[in-house]
1. Quick one: net charge around B:Phe126, please, counting Lys, Arg +1 and Asp, Glu -1 for every other residue with C-beta under 11 Å from its C-beta.
2. Can you list, shortest first in nanometers, how far B:Lys29 lies from the same residue in the other copies, with each label 7 Å from Cα toward Cβ?
3. Given axes a ≥ b ≥ c from the Cα gyration tensor, I'd like to know whether segment B:79-199 is rounded (a/c under 1.5), prolate (a/b larger than b/c) or oblate.
4. Subtracting the Cα-Cα distance from 0.36 nm times the residue separation, let me have the gained length for B:Ser209 to B:Lys144 in nm, one decimal.
5. Can you give me the relative contact order of chain B as a percent, contacts being Cα pairs under 8 Å and 6 or more apart?
6. Placing one identical point scatterer on every Cα of the protein assembly as shown and ignoring solvent, what is log10 I(q)/I(0) from the Debye formula at q = 0.07, 0.08, 0.12 Å⁻¹?
7. Could you work out the Rg to Rh ratio of chain B, with Rh taken as the Kirkwood radius (inverse of the mean 1/r over all Cα pairs)?
8. Compute the signed sum of charges (Lys and Arg +1, Asp and Glu -1) over the other residues within less than 11 Å, Cβ to Cβ, of A:Asp159.
Number of protein chains: 2
Amino acid sequence: MAKRLIECVPNFSEGRRKDVIESIVAPFKATKGCYLFDYRADEDHNRLVVSLVGEPEAIGDALVEAALTARDAIDMNAHQGGHPRIGAVDVIPFTPISNITMEECVTLSHDFGRRYQAETAIPVYFYEEAALRPERQRLEVIRKGQYEVLKDEARTNPDRHPDLGGPGLHPTAGATVIGARKFLVAFNVNLATKDVNVAKEIANAVRASKGGFCHVKGIGLALEERGLVQVSMNIVDYEKNALYRVLETIRMEAARWGVSVVETEIYGMVPAAAVLDSAAYYMQVAGFDPKQVIELKLLEMMGDDDR
Amino acid sequence: MAKRLIECVPNFSEGRRKDVIESIVAPFKATKGCYLFDYRADEDHNRLVVSLVGEPEAIGDALVEAALTARDAIDMNAHQGGHPRIGAVDVIPFTPISNITMEECVTLSHDFGRRYQAETAIPVYFYEEAALRPERQRLEVIRKGQYEVLKDEARTNPDRHPDLGGPGLHPTAGATVIGARKFLVAFNVNLATKDVNVAKEIANAVRASKGGFCHVKGIGLALEERGLVQVSMNIVDYEKNALYRVLETIRMEAARWGVSVVETEIYGMVPAAAVLDSAAYYMQVAGFDPKQVIELKLLEMMGDDDR
């Protein structure tokens, strides 16, 4: 059986002390089956964003180890930074990549959350698809007032009790928000006009908040230096709102103003399926199977290797 | 440094005896770093076609082991089958997949060929990009008259001496043709007409032999049962003759008869780059890097793992 692959982007409340940052990421480098794609510390945000890909078990092991380091090194009572946060280990989102469903990722979040709370003594809130209370699907609801407000309310207000390990927060490490969500594709479309209203109108036509595609977030903005405008989007569910469909809708809308698409940008990482699906659409490939792609088949076989 | 990946499709002159076939493929299953994608024995051809992907060193090791088995189990003097052949191990083509150039694959072919001849005592001819004599680029030139004619001519005619280990062939195993070639993509385009002449005309417009794209082979044929026609192609160099370019040219030519493209087929395996390149064209993605694809980056990192 092919290996299950997830992405996980844990956020830690430390963006300044190099030694602490390196101690936190050390288990991600050392754990077999856990691949550290990237980590970026932001001094202003005082925050560390880590990008991991690999097997759920390996990532879980490394996360607990990293969390113990963060818990002991970060005191939320002294933490300052520009990004909203409630804990030393602030959020841990699990994202399905291959051979794993969203439902399995939700179960994984819950199982991991229990283990995490037991081993670190840090209370846990579940969010997004793993939320146990509907309002907690939204991260901003859980983080309202940030650590400074939550440390009291998590004790006194049942509506704000953690899902695990409460009431109240960890005295120095606060709480951690754990959950499952789809992979976010950052997709921008640049248009041959200087009129930013065209980009704004088109963003309104495609984004969910204005009645467009249900899983698209987007804004229209000017690229002043290039003399272009951009529809800048997050595709929140690329399986339901395929990239090609969003692009072709934008092209169609832009035609109203005689404006053409100059180029697009896929920003950051993207799952193979999101690109292959669009390739198969444009090329009209019948019955295309991603396992026909040599590298993807090889990855599957390598996954099977050490069972 | 990321691991070098090649494809190799060795052909053995045994398609009937199950035990021999299994003995030949055993090293491909057992060698770490060599991945056996597929193997198919054809009884009429009396031939075994094996599809391998992996690291050059691992594939080389497994090939020598498999060749020793084939050499000792197959007597070309008694071999009968419908496919042209000159040896127990008939051809070994190396194809670059990632982190390796064609030039490196040519060097690899020559290095492997010397080792192969030394360890198996089977003479070697080099073909395609690895040919040492221009006329030997073409396999059919080397295989002319097959084993039955070559076993004498390889001894008596200097034009037909093997490149390594000659003159003459191995008394039972014949000779092996080793070389390097590009990955062949089998790409078909189905058209909404019953007029096979449309497919034939279009095949003539795109194929190299009629002055079309330099690296496209193709024919037009009828898909009787479906009431369609097909331009059936081999894209011999997908980097020079991109799939999207060939497809859009066919679409343009078909428009002359008011015929539209019903669907396309990518038959068998395809390197990621061939599909991603077409996706980037249609989606107008600026500066797209295959390493943005999670699975491809992961494959690279897994390759680095056990250095």
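1. So the environment of B:Phe126 carries a net charge of 0.
2. 4.1
3. Cα axes put segment B:79-199 in the oblate bin.
4. 21.2 nm is the gain from fully extending B:Ser209 to B:Lys144.
5. Values: 633 pairs, mean separation 45.8, N = 307.
Result for chain B is 15 percent.
6. -0.57, -0.72, -1.23
7. Rg/Rh: 1.01.
8. Values: positive: A:Arg133, A:Arg136, A:Lys144, A:Arg160; negative: A:Glu135, A:Glu153.
Charge balance near A:Asp159 sits at +2.
Any read-out appearing in this document is the output of simple, stated calculations on the displayed coordinates, not a laboratory observation. Everything numeric here is computed off the predicted structure, so don't read it as measured data. All Cβ positions, even for glycine, are placed from backbone atoms using ideal geometry, and neighbour counts span all protein chains on display.
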